[in-house]
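Taken together, the values in this text are just the output of simple stated rules run on the coordinates, not laboratory data. Every value quoted in this text rests on a predicted model; they were computed, and no experiment measured them. With ideal geometry, Cβ positions are generated from the backbone for all residues, glycine too; neighbour counts draw on all protein chains shown.
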Amino acid sequence: MDAIMSEEYASQSKLLQEFTNVPTIDSAWILKTNNEDRSTVMLSINQADLLANSSRKYILYSHVTRAGTSSLDFQWSPFPIEMTGVSAIVPSPSGSKLLLVRNGEKGCPTITKLEIFDQSHLEKQILIGQSMHGPLYTDEWFHGISWNQEETLIAYIAEAPAQPRPAFNQSGFKKEGSSEEDCNTWKGQGDWEEDWGERYSKKGRPSLFVLDIASGEVRAAQGIATSLSVGQVVWAPASSSGSQKYLVFVGWLEHNGFQNTARKLGIKYCSNRPCALYAIPCPFEGPESDSTPTSDDKLDSGIVMCNLTTSFSSAFFPRFSPDGKHLVFLSSKQAVDSGAHNATDSLHMINWPLKWKMDKQFDVNEVVPVVMCAEDGCFPGLYCSSSVLSDPWLSDGRTMILTSAWRSTEVILSIDVLSGKVTRITPEDSYYSWSALSIDGDDVLAVSSSPIDPPSIRYGRKVTPEGQAHRWNWDEITNPSTAASNKVKSLLSHHSVRILKIPVANPSDGLSYGGKLPFEAIFVSCKDSSHSPTVVILHGGPHSVSVSSYVRSSAFLASLGFNLLIVNYRGTPGFGEEALQSLPGKVGSQDVQDCLTALDYTIKEELIDASKVAVVGISHGGFLTTHLIGQAPDRFAVGAARNPVCNLSLMIGTTDIPDWCYTVACGTEGKQYASESPSPEHIRLFYQKSPIAHVSKVKAPLLMLLGGADLRVPISNGLQYARSLRERGSEVKIMMFPEDIHEINIPRSDFESFINIGVWFKKHLNAAA
């Protein structure tokens, strides 16, 4: 590294530190007090700690006082409280108790701690060894920790205890009942157990447990089929079932491999995995004596597991209304049926009877249907399969608050579950994105941000001016994290944001109407954008979306003096189902053309300099990055690809989602062809659809960033492509992060990735000037 490069690294490293110091808001809770005009807000915030190579979690409190309908006062605690070693924070329904989960702290990695606090002290500490269960699931998918209304029981999802392993000694195999392992024996590996792929390495048996707080006893739920992985547990309202307590949860069949074989296909980012809602009695109570099990639901325990959504291929995020009369859930039936790994969601409701018995089946009502075609300005459908608030209800008990993608923005919606009316409650004339954090009666605590504005806390209240329809006012709430954000805002103060509507170039006659409608790109411009270099940023998926929210890495690149062109090519969620389904079977062509069309649009509008363009993407965004520098080699001065898909024919045998390869290459017909042993014709098709088919035409220098523990797009994909470039004398730099996964999100890895992307882009864009 010469002196100039060394200085560039030092300068950019100092700059990126400013962005790293800005905390992120993970979640929030609003706790009621005895005074109707007062409540307490509890924020969970994260901050990267580069020296420790981890994220620090803090809790920040504020007392909220209301004076009338217009005055609101937040009094924040002077300092945050660090939650060292805490995996999850779950207040009780009344807000009078708090559960802290500690999964395997240093010094006792095999012990899970459940700590229950009241308002003054630690009330209960339960230590749970691996013979009962492994760590609790605290991710956004299987995660489910639920207090019952009486606050006497807590249901949760944890890894089932490991299967016994065979023991051996010098005489050979030790029979069951023999002594524990000692210096003369060793444990074998036993049968291999499949996990749920990316993000779930060595975790593949999410199971349901219940804690009795008074006794400290933990029991596993009985009656759940061993072929089911469970998550997202909630308690059925006590009033709806008499004295019997029920648990409602989501179950995913583990036999979802090709031809209905036993395989757990990767589930992270994949809402297309079949699932249903189930109910069982609480394990601290006996089974119903008058229930009649059907099919294979009754197991040896005598407990009945009841499928509540037998006619649905997808049902998740169950939520009971406050009065217990309605059970609402989301469905990704479109994703399951088409094979697309994400698609447009629908919302459904079950009328829950006052006294339900487990032999009673339900009628399911559709609340919000799938939107097939979305005209500009109209509701494009629900896209909220990543999360739903644990308590999403306004005080009327019939209005849900959901966060959803709406084209290139994220918005907050109110949904009347009785009428099906959907209302966008966040501002429409804004490029900001919004996300709901918590509900406070009829008010909403939220966070908003833009590509150049770090997250800020907002408090929304519904107002009804005399003689007018009601509307929502959103107050910005000053909080202690603002100081760090202000430094970043000053770095981006000369940038602006607009959302560009890009007409589809030469749409084919066979496309659906929705597939012919304009797509969008978020354009973050410098003060003198037409003379500044531009970075094209491409999301993965392909069925994920880049919304107009703050992203630290993108903001950092903008602060270096780059314009950003963030393309939401067709196939992106948030634009209606027809637009989304226009892409499968056309990857490597339609999505590539959309990216070039967006670039052409900015050049024609004289927004950017065509001679100084870089491109970067992760996963399918890396697939597009490497396609673009191969198919349009004279359009891009430099590229960077993070865990890119470069060769589908290689990926098919190594990824945790081989079905994805068939879907993106063959379209919806891919499901019927899918096999662990693809035919020569399909291998040939996969290769033709892949960037490696164009590797000989690449001219742009390429930076390749790879996570060594990536199960989604294993490193062999990127390494093969990079080595092929080297064979041809192209300039390529490879960076490997051995412990990191698909996202490359360990703090030091993320930091080093974008320092190198920034330096790489500056070096080669300056050379192109």
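Which pairs, out of K421/K501; K586/K733; K203/K357; K203/K264, put more than 23 Å between their alpha-carbon atoms?
Flagged as over cut-off: K421/K501; K586/K733; K203/K357.
Could you calculate the FRET efficiency of H531 with K697 from 1/(1 + (r/R0)^6), where r is the beta carbon distance between them and R0 is 25 Å, rounded to 0.05?
Calculated value: 0.30.
What ranking do I629, I25 get, fewest neighbouring Cβ atoms within 10 angstrom at the top?
Lowest to highest Cβ neighbour count: I25, I629.
Using a Cα-Cα cut-off of under 15 Å, which aspartates and glutamates could be cross-linked to K527, ignoring same-chain neighbours fewer than 8 residues away?
Answer for K527, where 15 Å is the Cα cut-off: E606, D609, listed by chain and number.
Taking square-rooted eigenvalues a ≥ b ≥ c of the alpha carbon gyration tensor, is region 486-768 rounded, prolate or oblate, where a/c under 1.5 means rounded and, failing that, a/b exceeding b/c means prolate?
oblate
Classify region 452-572 as rounded, prolate or oblate, taking a ≥ b ≥ c as the square roots of the eigenvalues of its Cα gyration tensor: rounded when a/c is under 1.5, otherwise prolate if a/b is larger than b/c and oblate if not.
Oblate, because a/c is 1.5 or more while a/b does not exceed b/c.
Suppose R0 equals 45 Å. What FRET efficiency, 1/(1 + (r/R0)^6) with r the Cβ-Cβ distance, do E82 and H494 give to the nearest 0.05?
Working from the Cβ atoms, E equals 0.80.
Region 654-760: which GluC sites (Glu not before Pro) are DSSP loop and have at most 11 other beta-carbon atoms within 10 angstrom?
Qualifying residues, ordered by number: E739.
Compute the label zone of L50 within region 1-24: residues whose backbone N is under 15 Å from the point 7 Å along Cα-to-Cβ.
Within reach of a label on L50: 7-23.
So what's the net charge close to I741: Lys and Arg +1, Asp and Glu -1, counting the other residues with Cβ under 10 Å from its Cβ?
-2
If I stretch the segment between D509 and R219 completely, what's the gain in nm (0.36 nm per residue apart, minus their alpha carbon distance), one decimal?
Length difference between fully extended and current span is 98.4 nm.
Within a 10 angstrom radius of the beta carbon, how do T625, T112, T478 rank from fewest other beta carbons to most?
Taking fewest neighbouring Cβ atoms as first place, the list is T478, T112, T625.
Starting from the Cα of M5, move 7 Å in the Cα-to-Cβ direction to define the label point; list residues of region 675-716 whose amide nitrogen is under 17 Å from there.
Under 17 Å, as judged by backbone N against the label point of M5, lie 701-705 of region 675-716.
Taking the simple approach of a point 7 Å from Cα along Cα-to-Cβ for both E476 and S675, what is their distance in nm?
6.0 nm
If the limit is 27 Å between Cα atoms, which of K14/K612; K57/K202; K57/K462 go over it?
Long pairs (Cα-Cα over 27 Å): K57/K462.
Set Lys and Arg Cβ to +1 and Asp and Glu Cβ to -1, take the dipole of region 486-768 about its Cα centre, and tell me which of I522, I657, L607 lies farthest positive.
Toward the positive end, the furthest listed residue is L607.
How much length is gained if the chain between S611 and S311 is pulled fully straight, taking 0.36 nm per residue apart and subtracting their Cα-Cα distance, in nm to one decimal?
Gain on extension, S611 to S311, equals 102.5 nm.
About its Cα centre, how strong a charge dipole does region 486-768 have in debye, to the nearest 20, once Lys and Arg get +1 and Asp and Glu get -1 at the Cβ?
760 debye
How many angstrom lie between the Cα centre of region 105-151 and the Cα centre of region 206-240?
When both Cα centres are located, 14 Å separates them.
Which ³J(HN,Hα) values in Hz, rounded to whole numbers, follow from the phi angles of region 384-391 under the Karplus curve 6.51 cos²θ - 1.76 cosθ + 1.60, where θ = phi - 60° and Gly and Pro get x?
Values, residue by residue: 9, 7, 7, 5, 9, 4, 5, 10 Hz.
How much FRET efficiency would the formula 1/(1 + (r/R0)^6) give for E366 and S589, where r is the Cβ-Cβ distance and R0 is 41 Å, rounded to 0.05?
So, using R0 = 41 Å, E works out to roughly 0.70.
Using Cβ counts within 10 Å as a stand-in for footprinting exposure, how do I128, I280 rank, fewest first?
I128, I280
Hey, can you list the DSSP H helices of the chain whose Cα span along the axis is 15 Å or longer and whose average Kyte-Doolittle score is at least 0.0?
Helix filter hits for the chain: 620-631.
Once you place label points 7 Å from the Cα toward the Cβ at E727 and A709, how far apart are they in nm?
3.2 nm
For K268, go through the aspartates and glutamates and keep the ones whose alpha-carbon is under 16 Å away, minus same-chain ones fewer than eight residues off.
D139, E140, E194, D195, E198, E254, D656, D659, D710, D740, E743
For the chain, what relative contact order do you get, as a whole percent, if you take Cα pairs closer than 8 Å and at least 6 residues apart?
8 percent.
With a sphere of radius 14 Å drawn around the Cβ of P380, what net charge do the other residues whose Cβ falls strictly inside it have (Lys, Arg +1; Asp, Glu -1)?
Overall, the nearby charge balance is -4.
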